[in-house]
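The values are calculated or read from the model by the stated rules, or taken from the named source; none is laboratory data. Quick caveat, the model's predicted, so the values are computed rather than measured. Heads up, the Cβs are rebuilt from the backbone with ideal geometry, glycines too, and the neighbour counts pull from every protein chain shown.
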Amino acid sequence: MAAFKAALAVFPQHMAGALTAFALLPLVQRFFPPAAMRPALHLVGTTGSGKSEIAALMTSFYGHFTRDTPPAQWGDTVNTVEVLGYALADGLFWVDDWKPCYSDERTFTRFLHAYSRGMGRGRLTKDSKVRQDRPCRGLLLSTGETTIEGEASILARMLVLEIPPWEKRDPGGKKLAQAEILRSMLPGFTAHFAQWIAVQVETGTLQKLLAREYEVSVKGYRDKLTAQLGRQANTGRVIGNWATLITVYRLLRQFLEERDADDTLPAWQDSIVETAKAVQEERAGQVFIDTLGQLLASGDVRLVDLDSDEEVKPGTPIIGYQDRQHLYLLPEISLREVKPTQSLNFTTKSIGDQLRDDGWLLPSVNDGRLTMQKRLRGNRAWVWCLKREMLDGDSDDSGDSEAHENHQTARKV
């Protein structure tokens, strides 16, 4: 218990609960319901922030580790990382020092997708037979000075926590020095927790408890995000990841309460709202919207106002049309103008699907297609019909009429 308390003192206090829950998640992951998420954790921090020290302490719940002895590094081949992760079932698998120069984004993305699904990479032998599947069975703990940008699917599959500077948390390293003295005792804490879990399994209560707590947590987090971000927060995996962690946190608190030591566990804090916002901002549809807004603001592209008799002059590319209620974007032309500014490896259909799911794109009422045919300035064109406030940044339909007229004037100028 002293070793447990000393380790928690080293963790940043606002994320100590989440870090502890993830460290002990491998002991109970297999008892969660099949639909529960299997999160990965990525610690981000500059050199000297202490992210490797924290990762080493978390891994020390399972053996003797220091900041210089991670089980694997992202500089290893992805096959090596996967094979080592296969061997470390029901344990914490720390992979250190992610950098784009070590593991290219495509490889990293493919690995994280396979990890979250419990699948290995498909490979063939020399005689074209399928090799044995060796998925990463350890719970992935990653560290690095940065993380992938522009990949909403990756951010949704892994919890990214930014580690604050070391000196602000532990001046002089006094807390770390105390933890070092007791570090070798941490596996003893894990053994006692595992023994307690085994009793719950044998009595048939653990699986029911985890299923119930996970379901309650999912509902609670979904309601929280809906209240703060609205229905456009397409963040099912993010909700599942945090629901998994808080379920382990509650289980751990129950274990400590029975030993009259629950005061050692810090209060629960999460960053699900910030995570959900980050995922939403990285979605291709949102990136597309943001980039279009910048291009329009800079005058590099334009929308033709259907409520005006303004003559359309050649020059600036026209990406669509607008009236008081809707935008009518020409999808292929809009994407062509966005790509030089923002690299988007998506088709107009995939972007349109996301815009529809987020509530911005109004599909055709006749057949549900993403595009509809509309006569614009005497010509027929296939367009996306979008809500006007998508680019205005204002979802209040009641709006001020004078402000709207001023905005219209500003757009024409």
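Some observations on this one:
- Scan of segment 11-20 for residues that are surrounded by 22 or more Cβ atoms within 10 Å (Cβ to Cβ) and either touching a His at 6+ places or on another chain (Cβ under 8 Å) or assigned to a helix (DSSP H, G or I) (or both), ordered by number: GLY17, ALA18, LEU19, THR20
Listed here are the residues, each with its yes/no results for (1) surrounded by fewer than 17 Cβ atoms within 10 Å (Cβ to Cβ); (2) at pLDDT 80 or above; (3) not polar (S, T, N, Q).
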residue	(1), (2), (3)
THR316	yes, yes, no
TYR321	no, yes, yes
TYR328	no, yes, yes
VAL365	yes, no, yes
GLY378	yes, no, yes
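- Condition met for ALA191 (surrounded by fewer than 13 Cβ atoms within 10 Å (Cβ to Cβ), among the aliphatic types (A, V, I, L, M) and modelled with pLDDT of 85 or more): yes
- Just one of (1) modelled with pLDDT under 90; (2) crowded, with 20+ Cβ neighbours inside 10 Å fails for GLU282. It is (2).
- Positions within segment 17-40 being among the aliphatic types (A, V, I, L, M) and modelled with pLDDT under 95, in sequence order: ALA35, ALA36, MET37, ALA40
- Some residue of segment 299-306 being in a helix (DSSP H, G or I), surrounded by fewer than 20 Cβ atoms within 10 Å (Cβ to Cβ) and at pLDDT 85 or above: no
- Residues within segment 167-225 that are among the charged types (D, E, K, R) and under 30 Å from THR46 (Cα atoms), tallied: 8
- Among the residues of segment 227-273, those that are modelled with pLDDT of 90 or more, outside any helix (DSSP H, G or I) and either outside the structural domain of ALA40 (by TED's automatic domain parsing) or crowded, with 17+ Cβ neighbours inside 10 Å (or both) comprise LEU265, PRO266, ASP270.
- Complete set of residues in segment 37-75 that are among the charged types (D, E, K, R) and either under 30 Å from GLU215 (Cβ atoms) or within 24 Å of the chain's Cα centre (by Cα) (or both): ARG38, LYS51, GLU53
- Screening the candidates GLN29, GLN73 for the property of being buried (at least 17 other Cβ atoms within 10 Å of the Cβ), in contact (Cβ under 8 Å) with a residue 60 or more places away in the chain and not small (Gly, Ala, Ser) yields one hit, GLN29.
- Residue pairs whose Cβ atoms lie under 8 Å apart, sitting 6 or more positions apart in sequence or on different chains, and linking a residue in segment 80-107 that is in contact (Cβ under 8 Å) with a residue 60 or more places away in the chain to a partner that is of a type in the set (S, T, N, Q) and part of a helix (DSSP H, G or I), are ASP90/GLN29; LEU92/THR59.
- Filter result for the condition that a residue is in contact with a helix residue (DSSP H, G or I) (Cβ under 6 Å, 6 or more places away or on another chain), touching a residue at least 40 places away in the same chain (Cβ under 8 Å) and either surrounded by 12 or more Cβ atoms within 10 Å (Cβ to Cβ) or more than 21 Å from ALA18 (Cβ to Cβ) (or both), over ARG183, ARG169: ARG183
- Identity of the residue in segment 199-219, among the hydrophobic types (A, V, I, L, M, F, W, C) and closer than 15 Å to GLN254 by Cβ, that ends up surrounded by the most Cβ atoms within 10 Å (Cβ to Cβ): LEU210
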